[in-house]
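*Asks:* One structure follows; several queries about it will come next.
The values are calculated or read from the model by the stated rules, or taken from the named source; none is laboratory data. These numbers come from a predicted model, not from an experiment. Every residue, glycine among them, receives a Cβ derived from its backbone with ideal geometry; neighbour counts consider all protein chains shown. Each accessible area value is taken on the protein alone, full model and side chains, heavy atoms only, with ligands, DNA and RNA left out. Shrake-Rupley method; radii C 1.70, N 1.55, O 1.52, S 1.80 Å.
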Amino acid sequence: IDLGVQTAEGRIVHARYDKFRQINRFLEFVQDILPQMEKGRELTILDFGCGKSYLTFALYYYLKILNGYDIRVVGLDLKEDVIARCNALAEKYGYDKLTFLTGDIADYEGVSKVDMVVTLHACDTATDDAIRFALAKRARFIVLAPCCQAEVASVLRRNKAQALSSLP
């Protein structure tokens, strides 16, 4: 409700229906890997380029509240105002192992070990930085959907004919 996806009555906000579908599809991917996720120790999950954190909150609720996993989730994004709001919501709901930080993926050094890295539609090279981080830390799971909008837009601005001829 606080993220604007549902009404107080539990109905999906019409303008946020695509976001609701995205959240559910994301959780289906996570459900597929549940049998491989360890229980009995704290798992560290990073959401790089978390933005308003629709998926971060859903992931925390799904894994910790509904499925009983001991998890620590860190969301990282460049927007200070968004991060402040997300931290306020995490505190409001008592999500004590959900933290949001302002920062760049390429510079993040906050953990020595990570179990899952999530990055969905992070702009420009953020997805590449997240993959590099996940591989360097030997993350067991990487859940990602790259964002190519900035790259495609820059190619289109330079040469529309060239950009269209390079598409498969």
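*Asks:* Only one of these conditions is not met by V117: (1) modelled with pLDDT under 95; (2) open to solvent by 30 Å² or more (accessible area, probe 1.4 Å). Which number is it?
*Replies:* (2)
*Asks:* Which one is nearest to E80 (Cα to Cα), of the residues in segment 126-141 that are part of a helix (DSSP H, G or I), among the small types (G, A, S) and open to solvent by less than 50 Å² (accessible area, probe 1.4 Å)?
*Replies:* A126
Conditions tested, residue by residue: (1) modelled with pLDDT of 90 or more; (2) among the aliphatic types (A, V, I, L, M).
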position	(1), (2)
I12	yes, yes
A15	yes, yes
I33	yes, yes
E42	yes, no
L46	yes, yes
C50	no, no
L59	yes, yes
Y62	yes, no
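*Asks:* So, of the residues in segment 142-168 that are open to solvent by 40 Å² or more (accessible area, probe 1.4 Å) and assigned to a strand (DSSP E or B), which turns out to be modelled with the highest pLDDT?
*Replies:* I142
*Asks:* Which pairs do you get when a residue that is more than 19 Å from L3 (Cα to Cα), found in segment 61-78, comes within reach of a residue that is open to solvent by 20 Å² or more (accessible area, probe 1.4 Å) and in a helix (DSSP H, G or I), reach meaning Cβ atoms under 8 angstrom, with the pair 6+ apart or on two chains?
*Replies:* Short answer, once both residue conditions are applied: N67/L34; D70/K64; I71/K64.
*Asks:* Separate question: Residues that are closer than 17 Å to F141 by Cβ: which helices (runs of 4 or more DSSP H) entirely in segment 6-125 hold 3 or more of them?
*Replies:* 17-33, 54-60
*Asks:* Here is a follow-up. All but one of (1) at pLDDT 95 or above; (2) farther than 23 Å from D81 by Cβ; (3) surrounded by 20 or more Cβ atoms within 10 Å (Cβ to Cβ) hold for D70; which doesn't?
*Replies:* Every listed condition holds for D70 apart from (3).
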